[in-house]
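Reviewing the structure listed below.
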Amino acid sequence: MTDEKLAVLRRGPADYEVAAAGASSDTAQFAETDGGWLRRIQTFLNEYPTTVPLLVLLLGVVLFSWISGRTFLHPYNLSLILQQVTIIGTVGMAQTLIILTAGIDLSVGVVMILTTVVAGRAAVSFGLPAEFIFAIGLSVGLGCGLLNGLLVAVFRLPPFIVTLGTFAMIGAMVLYVSGSQTISGRELAETTPSLLLTGTSFRIGGAQLTVGSILLLVLAAVLWFVLARTAFGRHVHAVGDAPDAARLSGINVRNTLLAVYVVAGAICAFAGWLMIGRVGAVSPTSGALANLDSITAVVIGGTSLFGGRGSVLGTLIGALIVGVFRNGLALSGADILWQEFAVGLLVILAVLLDQWIRKVSQ
């Protein structure tokens, strides 16, 4: 062993204290990077994702009120928009839960339709009491959600592939149970009139609202509270934002994912009840575009397709944006193809904005 190493070993605590006394007491300093006002906007929008959708909604209302005049702003027309987006908004909330976990569900529309077909057949063909019919419809939604959840959370299959498969399977079941036949509102009214309850309308001033549109707002308020004010809601956001970090922090990622898909299935069953009231009948073709429309409402509403950021209130606003643009363009005399063009453009712009906002967290 060299003399230098022996000298180091002979040093006592006093020698170290003397050396420490003469050392610099300065701490490490890191230069803060200020990205300017653009960076601050990114940060703000990342924290409050419903800001842009709300501004777009207000802009759309102002624009079409200027183009169409008093017709657009008439209370009856505004309440009609709310009625038109009732189904999209409800199914969109189920989709929001899935997308918040960084997944996607292509089967929400057919799950909704299957619940209506099963409930309609149970009422007309078997004459079951109303409480059994509602329980059966809810069970169908819960069962479909459980199937998706097990395949995604337990078997770890990609949500896109899983729900694409269940979309085809459940769609086939819709045709099998319904026999490709529509159950009229008259038949439902004679057997189980409560299935048509959500289509009941009433007037408030010049506006005409339905029970279904009011229930949509109630559902949005309940889900907002659950996602924003409960531990389950924080777990949903954490799983979508960083599943590995969520797992290390003690969150049961598998159970959270399973619960999300089951709850989404229950919401689809609820949407089925709203759709029966809205359409006034049970049809295997009603709501055929609900899968894509729900994703449209979620994306335009500011929920990130990569998970972890978004809210059901944003989805409700996104559904209203779709309704406002379609209604406003129709009143202005635009062809229906331009209505769909405008909605598609909004989706692309929303995704581009989401990509730009996500850079603040990278």
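Listed values, structure above:
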| read-out | value |
| --- | --- |
| Positive-end residue of Leu320, Tyr76, Ile99, charge dipole of the chain with Cβ unit charges | Tyr76 |
| GNM flexibility winner over the chain from Gly145, Gly199, Gly250 (Cα, springs under 10 Å) | Gly250 |
| Dipole magnitude of region 50-357 about its Cα centre (Cβ charges: Lys, Arg +1; Asp, Glu -1), debye to nearest 20 | 340 debye |
| Mean separation of Cα contacts under 8 Å, 6 or more apart, over the residue count of the chain: relative contact order % | 31 percent |
| Dipole of region 50-357, positive end: most advanced residue of Gly302, Ala228, Phe126 [Cβ charges, Cα centre] | Ala228 |
| Where only alpha carbons of region 154-266 are counted, the Rg and the Dmax (Å) | 19.9, 56 |
| Label assignment, Rg and Dmax of the Cα atoms in Å derived from the structure, set [x] 20.4, 63; [y] 26.8, 105; [z] 21.1, 85 | [y] |
| Listed residues Gly280, Gly127, Gly143, most fluctuating in the chain (Gaussian network, C-alpha, under 10 Å) | Gly127 |
| Farthest toward positive dipole pole in region 107-236 [+1 Lys/Arg, -1 Asp/Glu at C-beta], among Thr192, Leu114, Ala153 | Ala153 |
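A short reminder: the numbers here are calculations on the coordinates, not readings from a lab. Model, not experiment: these values are computed from the prediction. Note that we place each Cβ from the backbone using ideal geometry, even for glycine, and neighbour counts take in every protein chain shown.
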